[in-house]
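Taking it in order: structure first as structure tokens, then the write-up.
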């Protein structure tokens, strides 16, 4: 077993759990003051940084994995790793390269060039990190181990939209498409924020907002669906909900970005995030449901084998050359 830890500044991270579980190392989720006012962000980060240092001093790992963003976590881990003589591996999500975190790319580059590796979710981001002169690896998310229940067909074709109500989700287009398909049923997961109460109230009658549900109920909802829909307005993003659709072997409707089309290349339909495109995909998912279910089951086996290959490459990298400083062998 490798002597390492994986730290994230979030309450839960399926991606982190997948990698840490495969490595058989403990994972720590050091989120504090979630939902606090932006003016309290320095206090929140200071508390999380202090807790991170405490965990690393207590565990004294030989390799430290951290998620990014926020870039402050890799910075804290790097400074502590130098004291401990440990190697650093940065797991940089797509959000670490755009939005407000794009302003910190010089710091990201500095840290990646001193890390044993930077893990990213797709090839274009790997090429970017490699252009910094930093070691980079692609690792998509691990297909989660979820129970698969073979349900009887629904009276009305049912689509579950996996949502976090983020600004980069075309929820308005989904609701417009649902209004055009009154004989279909749509379920939107997640807790809607208060400022979207009017949107929820005016949604078509065939749309149900589930609110927050416990994990077991959420998985059961996915299993009851005839198709799972996970959409995003920005490129270079691999979506947790898409992996969950594969895990429960349900046809996937997702956005037509190259990264998503290339990875989820069977059992999926692709939309341009417009209402008409979403409507047409839902109708096609009903028409080709048996075929898409068979394809997504095949894709599940392919993605699991693909991930194991990526994981073997990661393990070899961190065992043989952590930051170019000294060999690191499994404990």
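Normalised size of the chain, defined as Cα radius of gyration per 2.2 N^0.38 Å with N residues, equals 1.04.
With a/c under 1.5 counting as rounded, go ahead and sort segment 102-212 into rounded, prolate or oblate using the C-alpha gyration tensor (a ≥ b ≥ c being the square roots of the eigenvalues; past the cut-off, prolate if a/b is larger than b/c, else oblate). It is prolate, given that a/c is not under 1.5 and a/b is the larger ratio. Nearest 500 deg cm²/dmol is fine: what mean residue ellipticity at 222 nm does the chain get from its DSSP H runs of n ≥ 4 alone, each adding -39,500 (n - 2.57), divided by its residue count? Calculated mean residue ellipticity at 222 nm is -13500 deg cm²/dmol.
Would you mind pulling out the separation of the Cα centroids of segment 63-100 and segment 201-222, in Å? Centre-to-centre (Cα) distance: 35 Å. For segment 105-160, what class follows from the C-alpha gyration tensor (a ≥ b ≥ c being the square roots of its eigenvalues): rounded when a/c is under 1.5, otherwise prolate if a/b is larger than b/c, else oblate? Judged from the Cα gyration tensor, segment 105-160 comes out prolate (a/c at least 1.5, a/b above b/c).
To the nearest ten degrees, helix 215-224 and the longest principal axis of the Cα atoms of the chain are 40 degrees apart. Put simply, the Cα atoms of segment 4-139 extend 35, 32, 28 Å along their principal axes, the longest span coming first. Counting only alpha carbon atoms, the long axis of helix 275-287 and the longest principal axis of the chain meet at about 80°. If you wrap segment 158-303 in the convex hull of its Cα atoms and look at it from every side, the mean projected area works out to 7.9 nm².
Values in this text are rule-based calculations from the coordinates and carry no lab data. Because the structure is a prediction, the values reported are computed rather than measured.
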